[in-house]
Amino acid sequence: MNNKNTSASQGIDWFVVWLYAILVAIGILCIFMVEYKPGTDWMQTFVSGKTNYSKQLIFTGLCIVVAIFILLADSKLFTAFANLLYAFGILLMFATFFIGKSINGSKSWIPLGGGFNLQPAELCKIFTALALAKFFSRQETDFSKLKSQIIGVSIALAPAVLSHFQHEDGLALAYLSFFLVLYREGLPPQILIIGTTFGVLVVATLILEPNTLAIILTAIAVVTIYFLRKQIKRKKNILLIILSVWVLAVGIQRFAVPYIFNNVFECYQSTRIYSMVGKDYDCSMNRHKSKGNEKPARKPDDYNVRQSKIAIGSGELFGKGFLKGTQTRGKYVPEQHTDFIFTSLAEAFGLFGCICFLSIYLILLNRIIRIAERQRSTFSRVYGYSVASIIFFHITVNVCMTIGLFPIIGIPLPLISYGGSSLLTFSILIFILIRLDADRQMVLR
């Protein structure tokens, strides 16, 4: 038993642990920079439990306890309870519809008392990663077959659907990161190509006039037919495929995209996406316009992004210095301790500081992928890629939000943004991987 425990402690990747600790410390520092009031006893405010940075410190202590528990646990527990945990996570998300607390128009929180709330959609990322890993590790899983592909996609998208109905579209989009894992495990690349093409078509529909885009699509179809005319003479089906794709593209542009923005999305969601491409959205066309919780999102969103860009730009090359940011400390940037936490770091330490900070993330992601690749177990490999995909998605979307390249959808910056649920989720994700890696000589199913 002693030998087993010794080998387990020696197998822990302490480099990842140190990267984790550095990022958490940076997060607390960033929250402190935007909230600390000069003239107050900073030590007392850190232990008071009343400020956000002191609460984040408490969350960090809780995460350390959970991390130690995970590192002392048997790796087989994660495989044994993967499906049960996933089912539990789905039930928790269903429970929010009945006992959930509404925060900022999203009923996705379960109150725990003492001012603390749990967001099941965050924790369900862990359970989804474990469930996918369990699914792929089964001997009977053949991901080249359509049935297995449908099951894998369903596991990834079920929490996303529930998140959408909770009005947490940002978290719903985060579950799309699991498609990178599915692709790594053999999902046909055609699906990713179709998805990317659809995204480009949606953006083109928002930017261009309907008739102009229809003419462009028609021109593309005509040019394609011209260059493939010899093949078309031999195989008439090619012409049918081209015409079908053209009809489908025009149909999506003319009917599907307007229907989604006017009937599926709420007014403030459509407005956010339109404002990203510099367009105005007419809320009178939206069927949700009469809802009492509808938000006039365009002006606040424009203000958020504009102030965020000002804060980031004011940092210039080397930043204004610690506790010297005028934009973030002046409270000009909304949600600067959560969604826009990146602005505080950019203003204080400038472009050079941002490069160093993002380099830490890059090193962490590279290390996680290396860990995933060296696993003997399919379960551990798939789980490792799930962790890397989730972290990568959050980093990319959050940073792009702050500089106006992506709509504001409430995606936290991993281990940096304020929030107990987010910090606990990423902590558990990372330390389960560390535990699995320590036992990588075992073949887990």
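The values are calculated or read from the model by the stated rules, or taken from the named source; none is laboratory data. Computed from a prediction, not measured in an experiment: that's the story for all the values here. Because the Cβ atoms are built from the backbone with ideal geometry, glycine has one as well, and the counts that use them run over all protein chains shown.
Selection over segment 171-197 of residues that are surrounded by fewer than 17 Cβ atoms within 10 Å (Cβ to Cβ), within 18 Å of I390 (Cα to Cα) and among the β-branched types (V, I, T) gives a count of 0. Which one of the conditions (1) touching a residue at least 12 places away in the same chain (Cβ under 8 Å); (2) surrounded by fewer than 12 Cβ atoms within 10 Å (Cβ to Cβ); (3) among the hydrophobic types (A, V, I, L, M, F, W, C) does A121 fail to meet, given that it meets all the rest? Of (1) touching a residue at least 12 places away in the same chain (Cβ under 8 Å); (2) surrounded by fewer than 12 Cβ atoms within 10 Å (Cβ to Cβ); (3) among the hydrophobic types (A, V, I, L, M, F, W, C), only one is false for A121: (2).
Annotation: of all residues in segment 85-112 being without any contact (Cβ under 8 Å) to a residue 24 or more places away in the chain and assigned to a helix (DSSP H, G or I), the one that is nearest to R440 (Cα to Cα) is A87. Of the helices (runs of 4 or more DSSP H) contained entirely in segment 128-232, those carrying at least 2 residues that are closer than 30 Å to L91 by Cβ and touching a residue at least 60 places away in the same chain (Cβ under 8 Å) fall at 146-165, 169-174, 178-184.
Please find, among Q307, Q327, the residue that is part of a helix (DSSP H, G or I), closer than 24 Å to G39 by Cα and over 18 Å from the mean Cα position of the chain (by Cα). Every option except Q327 fails the conditions. Across segment 253-272, a minimum of one residue is classified as among the acidic types (D, E) and buried (at least 18 other Cβ atoms within 10 Å of the Cβ). Looking only at segment 165-184, decide whether some residue is among the charged types (D, E, K, R) and at pLDDT 85 or above. Yes, some residue in segment 165-184 is among the charged types (D, E, K, R) and at pLDDT 85 or above.
All of A388, A348, A372 fail the test of being farther than 30 Å from F78 by Cα and among the aliphatic types (A, V, I, L, M), apart from A348.
Taking the criterion of being more than 13 Å from Y303 (Cα to Cα), among the basic types (K, R) and surrounded by fewer than 19 Cβ atoms within 10 Å (Cβ to Cβ), the only residue of segment 321-336 that qualifies is K324. Of the helices (runs of 4 or more DSSP H) lying entirely inside segment 11-84, those carrying at least 3 residues that are within 23 Å of R329 (Cβ to Cβ) and modelled with pLDDT under 90 are 14-35, 42-48, 52-72.
When you look at E373, is it buried (at least 24 other Cβ atoms within 10 Å of the Cβ) and either touching a Lys or Arg at 6+ places or on another chain (Cβ under 9 Å) or small (G, A, S) (or both), yes or no? In short, no. Of the candidates S154, S144, S163, the single residue that is of a type in the set (G, A, S) and surrounded by 17 or more Cβ atoms within 10 Å (Cβ to Cβ) is S163. With the condition kept exactly as written, say whether any residue in segment 251-265 is more than 24 Å from M285 (Cβ to Cβ) and assigned to a helix (DSSP H, G or I). No, there is no match, as no residue in segment 251-265 is more than 24 Å from M285 (Cβ to Cβ) and assigned to a helix (DSSP H, G or I).
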